[in-house]
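Okay, structure first, notes after.
The values are calculated or read from the model by the stated rules, or taken from the named source; none is laboratory data. Keep in mind it's a predicted model, so treat the numbers as computed, not measured. Here Cβ is always computed from backbone atoms with ideal geometry, including for glycine, and neighbour counts include all displayed protein chains. The protein model used for the area step is the full one, side chains on, heavy atoms only, and it has no ligands, DNA or RNA in it. Shrake-Rupley method; radii C 1.70, N 1.55, O 1.52, S 1.80 Å.
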Amino acid sequence: MILSLVNSAEFRDLAPSQIVPRLAERGQYVCSEATLYRLLEEEGQLAHRGRAKAPEDRIPVRRVATRPNQIWSWDISYLRGPARGSFLYLYLVTDIWSRKVVGWAVHTEESAQLASELIERTARAESVEVDALTLHSDNWGPMKGSTMLATLQALGIAASFTRPRVSDDNPFSEALFRTLKYRRWFPRGHFNSLQHARGWPPSCVATTSSTVTAVSSSSAPSSATQAATWPSSRHDPLDIITAISAAT
């Protein structure tokens, strides 16, 4: 009798914690909530009682890079802007096999359009083959925007995203941002303008084709004021960031 009642059209989609109160409102009492749970468990009817699809446990997909331009990781980091509370945004794309920074850009906003332009430009510069690259990122708007997804599809690049509410699924980009910002030559103040940020790398860092050498640390800024007016380098910012990545 009890099973017939809970499997009726009215109650078949409800849990015991919902059935017992509804019956109580009508002045009906057939059994306690605990008893109803026990009876349903004995009949194997407790697993999923709704019409919606039962939840599934999904194992995270593991991707392994065995060569360059197979898996890229990218993210956006905040840079202090010229005014208090304002920010510039560093877009950075890293190849996780070689740890090479393959693409970067600094903008005044976060945008799926700007992100898609960077990825397209970088993919062409690196001569990425169709269906050979996976691009991993978190779940922010610029990463999952329609413009970005359309660009990836057109280029034959597979999209990979972090799991929701997981903070460590994009470690390569996050670690590189931290390494960059904790270097002694990174400005401790703010960037005066977008042009200042784009031409930031300090002149105290010299690069060659095979080595990275930091000149005496006395030439690095010692205060926020000096950092804000630190002269731009003649070197390509990508060379500096790539060097920092390689030295990590």
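The distance from the alpha carbon centre of region 165-193 to that of region 7-68 is 45 Å, rounded to a whole number.
In this structure the amide hydrogen of LEU133, modeled in the peptide plane, comes within under 5 Å of the amide hydrogens of ALA158, none closer than 5 places in sequence on its chain. Using 0.36 nm per residue and subtracting the Cα-Cα separation, the extra length available between TRP140 and ARG38 on full extension is 32.3 nm.
Measuring with a 1.4 angstrom probe and ignoring ligands and nucleic acids, THR134 comes out at about 20 Å² accessible. The phi-based Karplus calculation (6.51 cos²θ - 1.76 cosθ + 1.60; θ = phi - 60°) puts the 3J(HN,Hα) values of region 112-123 at 5, 5, 5, 5, 5, 5, 5, 5, 5, 5, 5, 4 Hz, whole numbers, x for Gly and Pro. Rounded, prolate or oblate: which one fits region 128-198, using the alpha carbon gyration tensor with axes a ≥ b ≥ c (rounded when a/c is under 1.5, else prolate when a/b beats b/c, else oblate)? Judged from the Cα gyration tensor, region 128-198 comes out prolate (a/c at least 1.5, a/b above b/c). With a Förster radius of 30 Å applied to the beta-carbon distance between PHE87 and GLN153, the computed FRET efficiency rounds to 0.50.
Here the Karplus curve 6.51 cos²θ - 1.76 cosθ + 1.60, taken at θ = phi - 60°, turns the phi angles of region 157-164 into couplings of 9, 7, 8, 10, 10, 5, 6, x Hz, with x standing for Gly and Pro. Listed by chain and number, the lysines whose C-alpha is less than 18 Å from the C-alpha of LYS100, apart from same-chain residues fewer than 8 away, are LYS181. Taking 30 Å as the straight-line reach from the Cα of LYS53, the lysines in range (excluding those fewer than 8 positions away in the same chain) are LYS144. The length gained by stretching the chain between GLU56 and GLN113 to full extension, at 0.36 nm per residue less their Cα-Cα distance, is 17.1 nm. Between ARG188 and LEU5, the simple spin-label model (points 7 angstrom out along Cα→Cβ) gives 7.3 nm.
Give me the extension gain from PHE177 to GLU129: residue separation times 0.36 nm, minus the current Cα-Cα distance, reported in nm with one decimal.
Values: separation 48, 0.36 × 48 = 17.28 nm, distance 2.75 nm.
So the extension gain works out to 14.5 nm.
For region 1-102, the solvent-accessible area of protein heavy atoms averages 67 Å² per residue (probe radius 1.4 Å; ligands and nucleic acids excluded).
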